[in-house]
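J.: Sending over a structure as structure tokens; questions will come in a sec.
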Amino acid sequence: MVRTIDKEARSRSVLSSVIDSFIQTSNAVSSEDICHKFDYSSATIRNIMYELEELGYLTHTHTSAGRIPTDKGYRYYVDILLSQMRLVEEERERIYKEYNLQLKRLEDILEMTSEVLSSFTHCASIISLLRHNQRTIYYNGASFIAEHPEFKNIDKIRDILKVLEEKKRLLDIINQDIEKKINVYIGGELACKEIANCSMVVSTYGTQDIPLGRIAVLGPRSMNYGQVIPTIEYVSELLSKALGDL
């Protein structure tokens, strides 16, 4: 029993290291790339990576001997790390300084929130507001989509921008599972073929426990989840406070 637990922990550590490396470099990851992080030989890590590929957590391209994460791999990675993700204090302070809590017009607050969120996550930010039975939507940072290595294909970029422009469709996507505090949709989980190569992190904001809308980040599947998820949670808190002070 102990050996089984150790093997699972070892596989989990290798998978996390592969995904961490891919998020940082956008390059397929070989056993040699991560073996310095472990006390195992490169051959042992190669075997673990092969097993992870057989289980559907990793895959490989024909142009490289390295592995890249699958949607299943990212999902496992996010689910394991979700409870551990915390925004470092320095990052919280930087966001707080950028966030102008003195604004008094609702439209200005939402626009500013959208700008701050996209700036700190390097992804497209989306904010919806429900008011007088009408939904307004703001988005910012679409240019970050085009800059990411995962989106080199111009057709992929065009598809993503098209979805961002279709407000009703975008609202349908971000308003799923609204009872949850935070939602992470990876690849095909978005149920939208035009953005099936993206990931989206969604949070709810409001005042006095009354939800007013949704705040979301859309980016590559290799987004830095460890930074993006706590960032959107913190910005959601700031937005709720700003609206509560109006």
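Please treat every number below as a calculation from the coordinates, not as lab data. As the structure is a computational prediction, the values presented were derived from the model and not from experiment. Note: ideal-geometry Cβ built from the backbone for every residue, glycine included; neighbour counts use all protein chains shown.
J.: Please go through the stretch 202-246 and give me each residue that is assigned to a strand (DSSP E or B) and of a type in the set (Gly, Ala, Ser), ordered by number.
T.: 203, 206, 213, 216, 219
J.: From 10, 75, which residue is in a helix (DSSP H, G or I), of a type in the set (Lys, Arg), touching a residue at least 12 places away in the same chain (Cβ under 8 Å) and farther than 26 Å from residue 121 by Cβ?
T.: 10
J.: Assess whether residue 16 counts as being surrounded by fewer than 16 Cβ atoms within 10 Å (Cβ to Cβ), in contact (Cβ under 8 Å) with a residue 40 or more places away in the chain, within 19 Å of residue 224 (Cβ to Cβ) and not aromatic (Phe, Trp, Tyr).
T.: no
J.: If residue 41 satisfies every condition in (1) within 24 Å of residue 186 (Cα to Cα); (2) surrounded by fewer than 19 Cβ atoms within 10 Å (Cβ to Cβ); (3) hydroxyl-bearing (Ser, Thr, Tyr) but one, which is the exception?
T.: If we test residue 41 against (1) within 24 Å of residue 186 (Cα to Cα); (2) surrounded by fewer than 19 Cβ atoms within 10 Å (Cβ to Cβ); (3) hydroxyl-bearing (Ser, Thr, Tyr), just (1) comes out false.
J.: Given the criteria in contact with a Lys or Arg (Cβ under 7 Å, 6 or more places away or on another chain) and surrounded by fewer than 18 Cβ atoms within 10 Å (Cβ to Cβ), does residue 133 qualify?
T.: No: the conditions fail for residue 133.
J.: With the requirement that a residue be farther than 22 Å from residue 220 by Cα and surrounded by fewer than 18 Cβ atoms within 10 Å (Cβ to Cβ), what does the stretch 47-58 give you?
T.: Selection gives 47, 50, 51, 54, 55.
J.: Any chance you could count how many residues in the stretch 52-71 are part of a helix (DSSP H, G or I), more than 28 Å from residue 234 (Cβ to Cβ) and in contact with a strand residue (DSSP E or B) (Cβ under 9 Å, 6 or more places away or on another chain)?
T.: So the answer is 2.
J.: Under 8 Å between Cβ atoms, at least 6 apart or on separate chains: pull out the pairs that start in the stretch 203-230 with a residue that is under 30 Å from residue 27 (Cβ atoms) and end on any residue that is of a type in the set (Lys, Arg).
T.: Note: pairs meeting the criteria are 230/86.
J.: Also, quick follow-up: If I ask for residues that are in a helix (DSSP H, G or I) and within 25 Å of the chain's Cα centre (by Cα), which ones from the stretch 23-51 would you list?
T.: Residues satisfying the conditions are 23, 24, 25, 33, 34, 37, 49.
J.: Is at least one residue of the stretch 59-78 small (Gly, Ala, Ser), over 20 Å from the mean Cα position of the chain (by Cα) and surrounded by fewer than 15 Cβ atoms within 10 Å (Cβ to Cβ)?
T.: Yes - at least one qualifying residue is present in the stretch 59-78.
J.: Are there any pairs, at least 6 apart or on different chains, whose C-beta atoms fall under 8 Å, with the first in the stretch 94-108 and among the polar types (S, T, N, Q) and the second surrounded by 15 or more Cβ atoms within 10 Å (Cβ to Cβ), and if so, which?
T.: 100/112
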